[in-house]
Amino acid sequence: MPAEAQVTAVGTYNSLYFDYVHHAFQRTPELDGKSRLYPVIIAGAGPVGMTVALDLARRGIEVVLLEEDDTVNRGSRAVGIARRSLEIFERAGAGPGIFETGVSWKGGQSYYRDSLVLDFVVQQADNLKHPPMVSIAQCNVEQYLYDALQNHPKASIRWSSKVVSARQNGNEVIATVATPHGEYDMRGAWLVACDGGRSAVRKALGKELKGSSYEGRYLIVDIQMKSSQPAGRRVWFAPPEFPGSTIIMHKQPFDIWRIDYQLGPDDDLDEEVQPRRVRERVDRFLKSIGETADWAIDWISPYRALSLSLDSYREGRVLFAGDAAHLVPIFGARGMNGGVDDANNLAWKLAYVVSGWCDDALLDSYSSERVDAAHQNMAFAEKSTRFMTPPTFGHAVLQEAILSLAVKEPFIRDLINPRQVTELRMTAGPLRFDDADDIRFAGGPLPGAVCPNLPLCTDGPGDHLQGRLGRDFTLLLFHKTDTAAAQDMRALVQSMKIPFGFDVVQIRDAGLYAAFDAQDGTAYLIRPDGHVAGRWRQFDAGAMLDKLLKAIRWKNTECRHVD
């Protein structure tokens, strides 16, 4: 039997598969009485904080991350990386390592007692670049993000530096930072709070998460085991060895298997987290599914489902993202993935404001769009949570009835679907231009949807659409032969002296014509975060640009288009 790691989620942790690099604390100028105003400070160097930092740094914005720990996240934590997050990480420069290391999957099975009741596949187009889901530990993700940050001199991390409080003073935010050498105040023009579910920034500003909590409790256990069990998400409802419980299992890299099992209402948590007790439960479960390989515990953490959000993700010069802004049940993998989407939405807007191009009212659209997205995510996750962990006797009766019927009746099985995370369409905010009333598209991505990362068939294998998108706004202009329209569009953009990028990409690919329901003259405007801002059958370039510049609160009104 292999040696086991230090398994508790608190204190020292030595992983069986990941070598943690511990960064020495570097004394800061503020500890010696020096002070300056930083453009952007980020509290928390987790996946969300580092994704914001990467996007800002690649746009030339100086950013400082403040991280409480001296290393990346301890433990596997969020392990399900959705396709949309893979696309965001790839654009940030950290995607290849995550994809190559992770275990990709697109479906799984659900069992009731000892009967298979669902064999599901996450629905997606077969020709997208990335799979629906990749399993990889959060510590690996953070290490790849940290490695990517080393390519950007504008970004720095201060380890062993915990933001314990924050206050606003006119045109700056003052963060109080606790370090091994004492506390200091750090001044920033903007502060992004990515400091987790117990956010000190949120508490200091008197902001409260609102929503629901659920009584069901789980233990998350990572074990290392060489096994031929399949990748994917498998769920056992009321397995014979654990009546009344739910157990989830899926594969991670390095022979790590994540097992989540439900605790009973009378179980003593202090007792249940003990390695001896965990080993007893997991051993019984593995034997019940025919698994006889040796295994070792790597990590243990308790979990309770919460569905909470702030009413607004902006408070003056402080922006909230990730778990500091919202907490979503783990069922469906919408927690960290939702936070990465926050980062992708926020970073370009904050860069435009810091650069002086746009009024800071642009940041209000970050809040409205992402609050709406959080509510969408919570609605999906709550459906899964109520089925996975029935909160009332009535829900428990309904769960048993559905599962019992699903053993023999396929028509009912869709109700067991775990509803894995999919890309959300933005349905709020001023940066989505709906189709004109007299224009009807029979297909194609709607305004607010993510631009699909489809292959460019005429340009050779391995070339995908998102690789052609510019850093900022991109106009996809569908013309099979005529190049004058694209050239005229580029000339108009240049004449308006727009300070940010505005790429014009001519599309000739027949496959993309079909996917976007395009005709010659059709245009799709793609935002810096990859969402469709608007689409037109035939469009007035000047009017479109005027509308866009007004929506993003561009300050240089004198350069607006004049007919």
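For region 85-126, name all the residues that are free of Cβ contacts under 8 Å to residues at least 60 places away in the same chain, outside any helix (DSSP H, G or I) and either closer than 14 Å to L54 by Cβ or more than 23 Å from the chain's Cα centre (by Cα) (or both).
G93, A94, L116, D119, listed by residue number.
Answer yes or no as to whether D311 is out of contact with any Pro (no Cβ under 8 Å at 6 or more places or on another chain), closer than 23 Å to K550 by Cα and assigned to a loop (DSSP other than H, G, I, E, B).
Judged against the criteria, D311 is not a match.
Consider D311 carefully, then state whether it is of a type in the set (D, E) and within 30 Å of N344 (Cβ to Cβ).
For D311, the condition - of a type in the set (D, E) and within 30 Å of N344 (Cβ to Cβ) - is met.
Could you please let me know if F285 is in contact with a strand residue (DSSP E or B) (Cβ under 9 Å, 6 or more places away or on another chain), outside the structural domain of A43 (by TED's automatic domain parsing), in contact (Cβ under 8 Å) with a residue 40 or more places away in the chain and part of a loop (DSSP other than H, G, I, E, B)?
In short, no.
Looking at region 539-546, is at least one residue in a loop (DSSP other than H, G, I, E, B), in contact with a His (Cβ under 8 Å, 6 or more places away or on another chain) and at pLDDT 90 or above?
Looking through region 539-546, none of the residues is in a loop (DSSP other than H, G, I, E, B), in contact with a His (Cβ under 8 Å, 6 or more places away or on another chain) and at pLDDT 90 or above.
With respect to D222, is the statement that it is at positive phi and modelled with pLDDT of 90 or more true?
For D222, the condition - at positive phi and modelled with pLDDT of 90 or more - is not met.
Hey, could you check region 127-138 for residues that are surrounded by fewer than 21 Cβ atoms within 10 Å (Cβ to Cβ) and either among the hydrophobic types (A, V, I, L, M, F, W, C) or not in a loop (DSSP other than H, G, I, E, B) (or both) and say which is farthest from the chain's Cα centre (by Cα)?
The selected residue is L128.
Restricting to region 80-126, name every residue that is within 14 Å of V141 (Cα to Cα) and in contact with a Lys or Arg (Cβ under 6 Å, 6 or more places away or on another chain).
V103
Select from region 397-424 the residues that are at pLDDT below 75 and assigned to a helix (DSSP H, G or I) and write down the one among them that is surrounded by the fewest Cβ atoms within 10 Å (Cβ to Cβ).
Filtering first and then ranking leaves F411.
Given the residues S115, S85, S104, which is the only one that is surrounded by fewer than 17 Cβ atoms within 10 Å (Cβ to Cβ), within 21 Å of H250 (Cβ to Cβ) and polar (S, T, N, Q)?
None of the others qualify; the one that does is S115.
Kindly list the number of the only condition in (1) part of a helix (DSSP H, G or I); (2) modelled with pLDDT under 95; (3) not acidic (D, E) that fails for V353.
Of everything listed in (1) part of a helix (DSSP H, G or I); (2) modelled with pLDDT under 95; (3) not acidic (D, E), V353 misses just condition (2).
List the number of the failed condition for L477; all other conditions in (1) buried (at least 20 other Cβ atoms within 10 Å of the Cβ); (2) at pLDDT 90 or above; (3) within 30 Å of L118 (Cα to Cα) hold.
(3)
The values are calculated or read from the model by the stated rules, or taken from the named source; none is laboratory data. The structure displayed is predicted, hence computed values, not measured ones. Counting neighbours? That spans all protein chains shown, and the Cβs are built from the backbone with ideal geometry, glycine included.
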